[in-house]
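Student: Next up is a structure, given as structure tokens.
Nothing in this text is a laboratory measurement; each read-out follows from the coordinates by a stated rule. Every value quoted in this text rests on a predicted model; they were computed, and no experiment measured them. Here Cβ is always computed from backbone atoms with ideal geometry, including for glycine, and neighbour counts include all displayed protein chains.
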Amino acid sequence: MEITVKNLLKKYNDKTVLKILDLHFTKGQITGLLGDNGSGKSTLLHIISGLDLDYEGEVLYEGACFKEENRQLIGMVSQKPYLFKRSVYDNIEYPLKVRGVPKQIRQEKVHKLMKNMNIEAISRQRAETLSGGEAQKVALARALAARPALLLLDETTSNIHEDAVLTIEEQLKVYHQETNCTIIFVTHNRMQAERFCDQCICLN
Amino acid sequence: MNEIANGFIKAFWMIVSFDPELYEIIIRSLVVSLSAVMISSLFCVPLGIWLGLKRFKGKQLISRLLYASMSTPSVVIGLLILLMLSRRGPFGFLGLLYTPSAMIIAQTVLVTPLVLGLIYHTVKQRGRQIQQEGLLLGADSFQVMILIIREFKMDFLVHLIAGFSRAISEVGAVMIVGGNIKGSTRVMTTTIALMNSMGEYDMSIALGVVLLLISLLVNIVVYKEAEPWK
């Protein structure tokens, strides 16, 4: 999915928190979004995700404004994702369930995702009991379950163990190659951005 | 001292011998209070979620009024419902005054602000993140509502139990609209109040013990269910 941001202005209580004249996220590319704290990286992701529609300017999805149907094509994982109070399996199954995917296909997809993320052993564990790295893997598997065309990652790999970071990066690369999706990856880690992304954008 | 001890002994026998009058009062109390809480929950849960998630002008005023109304005295509610249901009142033609239905209406009005306020507060604090997560995962508005109910089910259950506790322990509203009529509208609290004024402590003690047992049982069930994985 191609994203174009034009003359975007976001204010909180009359204070400008984000101003972008022209920004383009090419279809099928992994874009690293860098910038200092408070530069508006997460705000931009929220706007692109369609969760925040209170702004001036334009955000175009394949040349068109945001529509409710776009939600079905967008996935997002935040730094501290909210996992539902149920098992790992049920968490990953949720986006498939709300889309009415038949049980048999759901099972296959969830098992494949858990295998790829190396979390099969904790499939019956409740989400509340997971470590930070495990929770991020589950959140990512859940976001990928619906095979989004646009994946927004808001400091997804911050504060987790290096092994988990590598697993997540590896799976993201595999998913990207399979689907040619657009990924916007917010990070503070320049090394990681250079390693993982096709292009980097710095917000000031 | 002997009088109190005798009261306890008589109360114990009334409980174990399934005294018909005692159990009729207990069952009526439970039916009235549970009905009130269930009716209240039907609109408090969706309305509380909506209020907690929605941003609109005047929300702060509404939330302050809601919090203030959580502690409305039960006698005021009783008086209000009495005026509504009395023969000259707007709903007098229904003939509900001094019936269990009037008591259910009064208790529903009594517990609604409390349950609504608690649900609203819970959703306002933590509901938005669940809503956003649900929307991002492709859920529609109805599915988000179901998701929030599932995520907060234990919180909501505790809020409903708080409402039930308020309903079953109040005396003012049911006394005013029910009239404490023997065999018809007499419930545990109104019976305890009446028996105390008559100096007949055995029935009061028996009902007091049952009220405590209900409270204990409800708490055990709730805390057992609250953390099922432990």
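Student: Please list, or write none, the lysines whose alpha carbon is within less than 18 Å of the alpha carbon of residue A:19, excluding same-chain residues fewer than 8 places away.
Tutor: Counting by Cα, and skipping residues close in sequence, residue A:19 has these lysines nearby: A:6, A:10, A:11, A:41.
Student: Moving on to the next point. Evaluate the charge dipole of the stretch B:19-229 about its Cα centre and quote only its size in Debye, nearest 20, assuming +1 on the Cβ of each Lys and Arg and -1 on the Cβ of each Asp and Glu.
Tutor: Result for the stretch B:19-229 is approximately 1020 debye, rounded to the nearest 20.
Student: Something else now. Please compute the modelled spin-label separation between residue A:15 and residue B:223, points set 7 Å along Cα→Cβ, answer in nm with one decimal.
Tutor: Between residue B:223 and residue A:15, the simple spin-label model gives 4.4 nm.
Student: Once the dipole of the stretch B:19-229 is set up with Lys and Arg at +1 and Asp and Glu at -1 on Cβ about the Cα centre, which of B:191, B:58, B:44 lies farthest towards its positive end?
Tutor: With unit charges placed on the Cβ atoms, the residue in question is B:58.
Student: 5 Å is the cut-off here: which amide hydrogens, built 1.01 Å from N in the peptide plane, fall below it relative to residue A:201, excluding neighbours closer than 5 in sequence?
Tutor: Amide H to amide H, under 5 Å and 5 or more residues apart or across chains, residue A:201 pairs with A:32, A:33, A:34.
Student: Now, a different point. Taking 8 Å as the Cα distance limit and 6 or more residues as the minimum spacing, I'd like the relative contact order of chain A as a percentage. Kindly include the intermediate steps, with their values, before the conclusion.
Tutor: On the way: 360 pairs, mean separation 65.3, N = 204.
Normalised by residue count, the contact order of chain A is 32 percent.
Student: If packing is taken as the mean number of other Cβ atoms within 10 Å per residue, what is the order of B:28-36, A:112-120, B:168-176, highest first?
Tutor: Top to bottom by mean Cβ count within 10 Å: B:168-176, B:28-36, A:112-120.
Student: If you don't mind, another one. What does the charge dipole of the protein assembly as shown about its Cα centre add up to, to the nearest 20 debye, if the Cβ of each Lys and Arg holds +1 and the Cβ of each Asp and Glu holds -1?
Tutor: Working: 46 positive and 39 negative charges, 140 e Å.
In total the dipole reaches around 680 debye.
Student: Here's a follow-up. Note down the relative contact order for the stretch B:1-133 as a percent, whole number, built from C-alpha pairs under 8 angstrom at least six residues apart.
Tutor: Details: 98 pairs, mean separation 50.6, N = 133.
With pairs under 8 Å counted, the relative contact order is 38 percent.
Student: At a 10 Å Cβ-Cβ cut-off, how would you order B:10, A:10, B:57, fewest neighbours first?
Tutor: In order of increasing Cβ crowding within 10 Å: B:57, B:10, A:10.
Student: Also, I was wondering about something else. If I model a spin label as a point 7 Å beyond the Cα along the Cα-Cβ vector, how far apart are those points for residue A:198 and residue B:125 in nm?
Tutor: 4.5 nm
Student: So how many Lys-Lys pairs in the stretch B:19-229 land under 25 Å Cα to Cα, not counting same-chain pairs under 8 apart?
Tutor: 7
Student: Which residue fluctuates most in the GNM of chain A (Cα springs below 10 Å): A:122, A:74, A:92?
Tutor: A:122
Student: Over chain B, what is the mean sequence separation of C-alpha contacts under 8 Å (at least six apart), divided by residue count, expressed as relative contact order in percent?
Tutor: Contact order relative to length: 32 percent.
Student: Let me ask something additional. Highest mean first, how do A:172-178, B:159-165, B:58-64, B:107-113 rank when packing is the count of other Cβ atoms within 10 Å averaged over residues?
Tutor: Packing proxy ranking, top to bottom: B:107-113, B:159-165, A:172-178, B:58-64.
Student: Shifting gears a bit: Roughly how large, in nm² to one decimal, is the mean projection of the convex hull of the alpha-carbon atoms in the protein assembly as shown?
Tutor: 27.9 nm²
Student: Moving to a separate point now. For chain B, what does the helix formula give at 222 nm: sum of -39500 (n - 2.57) over DSSP H segments with n ≥ 4, over the residue count, nearest 500 deg cm²/dmol? Don't jump to the answer; show the numbers that get you there.
Tutor: On the way: 10 runs with 181 residues, N = 230.
Counting only the DSSP helices, I get -26500 deg cm²/dmol.
Student: List every residue whose amide H lies under 5 Å from the amide H of residue A:18, counting only residues 5 or more places away in sequence or on a different chain, with H placed 1.01 Å from N in the peptide plane.
Tutor: A:10
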